[in-house]
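Provided herewith is a single structure, encoded as structure tokens, for subsequent inquiry.
Taken together, the values in this text are just the output of simple stated rules run on the coordinates, not laboratory data. Just so you know, these numbers come straight off a predicted model, no measurement behind them. Here Cβ is always computed from backbone atoms with ideal geometry, including for glycine, and neighbour counts include all displayed protein chains.
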Amino acid sequence: MAEIHPTAIVYPGTVLGEGVKVLEHAVVGKQPSLSPRSTAKREPLEPTEIGDGTIVSTGAVVFAGTQIGARVILGDQSCVRERVVVGDDVVIGRGSLVENDTTIGAMTKIQAEAYITAYSTLEEHVFIAPCVVTTNDNFMGRTERRHELIKGPTIRRGARVGGGAILLPGIEIGEDAFVGAGAVVTKDVEARMLVVGSPARVMRPVADDELLENQ
């Protein structure tokens, strides 16, 4: 049975798994309010689904049409928008925002105040440090051409992104790659490479004892 705090709001139709906790002032199943100029999809959304043992912490918001896996922690004041799929055992830290149409693989950790833009893909065991910013529109809202090109980053299995890094639209961070703190990533990062700086440049391969397969 799920536990829902009296101050929380759970919209009708929401599916809560066994042992789910929805804490103070959290909101689950919220419908989006879109600007007339928004480019987001407007079709009806399926009910939100929250997997067994997941905790929706104080003040967190989960939109309709989203699927959250089992044993996920949604930190205080975090927000997960519509049509997002979150795998099992994921942590989304305090104040982080995951925008619409994003996929997050199992065992991924997104730390406090990170921004995961719409149309991003994060695979399993990804690590996103605090205050990371991802982007999806090279035209920043100008031109009709942008609509067919909007895409967030793809971050492959086991990749790690350091605090305050900025990832430009559509780039790919390879499996087990390491992006240093504060880096500005303007092009794809090869698997198992460490990049630093602005613009980010390859410094060296990731050490063998840091690879996911050796943990």
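Viscosity 1.002 mPa s, temperature 20 °C: what is the translational diffusion coefficient of region 114-206 from Stokes-Einstein with a Kirkwood Rh over Cα pairs, rounded to a whole number of µm²/s?
166 µm²/s
Let me ask you something else. Got the relative contact order for the chain handy, in percent, Cα pairs under 8 Å and 6 or more residues apart?
After rounding, I find 10 percent.
Considering only the other residues whose Cβ falls under 15 Å of the Cβ of residue 181, what net charge follows from Lys and Arg at +1 and Asp and Glu at -1?
+1
At 222 nm, what helix-only mean residue ellipticity would the chain give, in deg cm²/dmol to the nearest 500, using -39500 (n - 2.57) for each DSSP H run of four or more?
-500 deg cm²/dmol
Next question, about the same structure. How do 71-79, 132-140, 28-36 rank on mean C-beta neighbours within 10 Å, highest first?
In decreasing order of mean packing, 71-79, 132-140, 28-36 become 71-79, 132-140, 28-36.
Quick one: compute the contact order of region 114-206, relative version, from alpha carbon pairs under 8 angstrom and 6+ residues apart, as a percent.
Averaging sequence separation for qualifying contacts and normalising by length gives 22 percent for region 114-206.
Pulled fully out, how much extra length does the chain show between residue 138 and residue 201, if you take 0.36 nm times their separation in residues and subtract their Cα-Cα distance?
20.7 nm
For residue 7 and residue 208 in the same chain, what is the full-extension length gain: residue separation times 0.36 nm, less their Cα-Cα distance, in nm?
The residue 7-residue 208 span can extend by a further 67.5 nm.
Please give the charge dipole size of the chain, origin at the Cα centre, charges +1 on K and R Cβ atoms and -1 on D and E Cβ atoms. Round to the nearest 20 debye.
Using Cβ point charges on Lys, Arg, Asp and Glu, the chain gives about 840 debye.
So, one more: Among 183, 147, 126, whose Cα lies farthest out toward the positive end of the dipole of region 114-206, if unit charges sit on the beta carbon of Lys, Arg (+1) and Asp, Glu (-1)?
Projecting each Cα onto the dipole axis, the largest value belongs to 183.
Further question: Between residue 145 and residue 38, what FRET efficiency follows from the Cβ-Cβ distance if R0 is 22 Å, with the result rounded to 0.05?
0.80
Output needed: percent of Cα pairs per 5 Å distance bin for region 39-96, bins running from 0 to the one holding the longest distance.
Bins of 5 Å from zero give 6, 21, 29, 27, 9, 8, 1 percent of pairs.
Above 22 Å lies some portion of the pair distances; for the chain, what is it as a whole percent of all C-alpha pairs?
Of all Cα-Cα pairs in the chain, 49 percent lie more than 22 Å apart.
Could you calculate, for region 60-178, the ratio of the Cα radius of gyration to the Kirkwood radius, expressed as Rg to Rh?
That ratio equals 0.95.
Continuing with this model, one more query. Semi-axes of the equivalent ellipsoid of region 1-66: what are they in whole Å, largest first, if each equals the square root of 5 times a C-alpha gyration tensor eigenvalue?
Values for region 1-66, descending: 24, 13, 8 Å.
While we're here: Can you give me the P(r) profile for region 106-148? Cα pairs, bins 10 angstrom wide beginning at 0, each as a whole percent.
P(r) over region 106-148, rounded to whole percents: 26, 43, 22, 9.
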